[in-house]
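What follows is a set of notes on a single structure, which appears directly below.
Just so you know, all these numbers are worked out from the coordinates, no wet-lab data involved. Note that the coordinates shown come from a computational prediction; the quantities given were computed from them, not determined experimentally. Every residue, glycine as well, gets a Cβ built from its backbone with ideal geometry; the counts of neighbours run over all protein chains shown.
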Amino acid sequence: MSESKLGVYICTDCGIGEALNIEDLQKIAKAQICRTHPFLCSQEGAQVIRDDINNEGVNKIVVAACSQRVNYDVFDYDPLKYVTERVNLREHVVWSHPPNTEETQAMAEDYL
């Protein structure tokens with residue numbers, strides 16, 4: 001069995017980057033790799049994750065972005081090789097709570 005390597009990917013679009021302190025989220029992620037991208041569900045954003053899978057050996061993936069109900073095909077990796085978890089920062093945190101408050105930031109950190 002291969003070594004476990006966690007990659008956390010935080011999207012900053014759809015109001016996420018404006019409503020949360022992304023640098024603080026990166027600090028609490030506690031992952032070997034933690035990256036941000038302005039549009040993770042774009043081809044370029046998805047390629048960032050694929051590159052880390054192929055080049056860095058990432059096999060556990062956390063996508064902190066939008067609901068798992070959308071863009072499910074973009075983040076669909078072989079479940080026999082990779083563990084993928086979606087953290088819904090957009091609908092559960094940013095779109096439903098006041099931006100740039102201590103409580104909203106704490107909620108995002110708890111979810112992550």
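Considering the range 1-43, and only residues there that are among the small types (Gly, Ala, Ser) and under 11 Å from the mean Cα position of the chain (by Cα), the residue that is nearest to Asn71 (Cα to Cα) turns out to be Gly7.
Restricting Val58, Val83 to those that are more than 17 Å from Cys14 (Cβ to Cβ), in contact with a Lys or Arg (Cβ under 6 Å, 6 or more places away or on another chain), of a type in the set (A, V, I, L, M, F, W, C) and surrounded by fewer than 19 Cβ atoms within 10 Å (Cβ to Cβ) reduces the list to Val83. Scanning the range 97-111 for residues that are over 18 Å from Lys27 (Cβ atoms) and either of a type in the set (D, E, K, R) or in a helix (DSSP H, G or I) (or both) gives a single hit, Glu103.
Could you grab me the full set of residues in the range 15-29 that are surrounded by fewer than 19 Cβ atoms within 10 Å (Cβ to Cβ) and touching a residue at least 12 places away in the same chain (Cβ under 8 Å)?
Residues of the range 15-29 surrounded by fewer than 19 Cβ atoms within 10 Å (Cβ to Cβ): 15, 17-18, 21-24, 26-28.
Across the range 15-29, the qualifying residues are Gly15, Gly17, Glu18, Asn21, Ile22, Asp24, Gln26, Ile28.
Against the definition (surrounded by fewer than 17 Cβ atoms within 10 Å (Cβ to Cβ) and assigned to a helix (DSSP H, G or I)), how does Asp78 come out, yes or no?
On the way: surrounded by fewer than 17 Cβ atoms within 10 Å (Cβ to Cβ): yes; assigned to a helix (DSSP H, G or I): no.
Here the answer is no, as Asp78 does not meet what is asked.
With respect to Val94, determine if the residue is more than 19 Å from Ala29 (Cβ to Cβ), surrounded by 15 or more Cβ atoms within 10 Å (Cβ to Cβ) and β-branched (Val, Ile, Thr). Against the criterion (more than 19 Å from Ala29 (Cβ to Cβ), surrounded by 15 or more Cβ atoms within 10 Å (Cβ to Cβ) and β-branched (Val, Ile, Thr)), Val94 does not qualify.
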